[in-house]
1. Can you tell me the length gained on complete extension of the stretch residue 8 to residue 83, counting 0.36 nm per residue apart and subtracting the Cα distance?
2. Given a Förster radius of 25 Å and the C-beta distance between residue 67 and residue 102 as r, what FRET efficiency does 1/(1 + (r/R0)^6) yield to the nearest 0.05?
3. Quick one: which of 55-67, 87-99 comes out on top by average Cβ neighbours within 10 Å, and what's the full order, highest first?
């Protein structure tokens, strides 16, 4: 059984800098945030890149509010030619023809 206080992942940040910036943005709207994987940045090169992304989690009751804020952030900060993989939902830069995360073609 889930509770309204359960934490849910709402975003995968590219790095600790982006994660902490978004944490601050969400906290401005009184949304509590937990960052998962923040300490794994030092393992870059030892473990796969997609496993060291920092996950942003919020209480389930705040999910919609957080997703609205994050969607606005994404719409302002994505380069026009960036694309989202249909297989794993990760964002890829303009220069990628194959998803960096799951290796599926554009």
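1. 24.6 nm
2. According to the calculation, E is roughly 0.65.
3. 55-67, 87-99
Every number in this text was worked out from the coordinates using simple rules, so none of it is lab data. Because the structure is a prediction, the values reported are computed rather than measured. Because the Cβ atoms are built from the backbone with ideal geometry, glycine has one as well, and the counts that use them run over all protein chains shown.
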